[in-house]
């Protein structure tokens, strides 16, 4: 019987160490697979958003700052990528940040997304219809 209580106590302690707060998402994140841009996650109202704060290649082939040239709205194609909100509308439900969208500046489209965290890694799952893909983001060194 003591062994069962010990197992339960260890499980509860482990679970409490992994418990998250909404604020855990805040800060700077580097896209882990390509390492081509950094995003700063911040509260925007009762949700969380993320804006580009660093690009591996900040300038285009002409040496000018990269812009949102693929945006479906022609009036926004001249806006700089630096400072652009690419993650919007994420609400924390106690376990994950859901209901958000990620903007693909390469395609000029928004996609449904959710975020989970584990051991200082951010797992961003992007969904398109019945398909999904998860990307790992890291805290920069």
Expected 222 nm ellipticity per residue - DSSP helices of 4 or more, -39500 (n - 2.57), all of the chain, to 500: -4000 deg cm²/dmol
Tail beyond 15 Å, pair distance distribution of segment 73-141 (Cα, percent): 60
Hey, any idea what Rg/Rh is for segment 22-138, computing Rh the Kirkwood way over Cα pairs? 0.96
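Any read-out appearing in this document is the output of simple, stated calculations on the displayed coordinates, not a laboratory observation. A quick note: this is a predicted structure, and the numbers were derived from the prediction, not measured.
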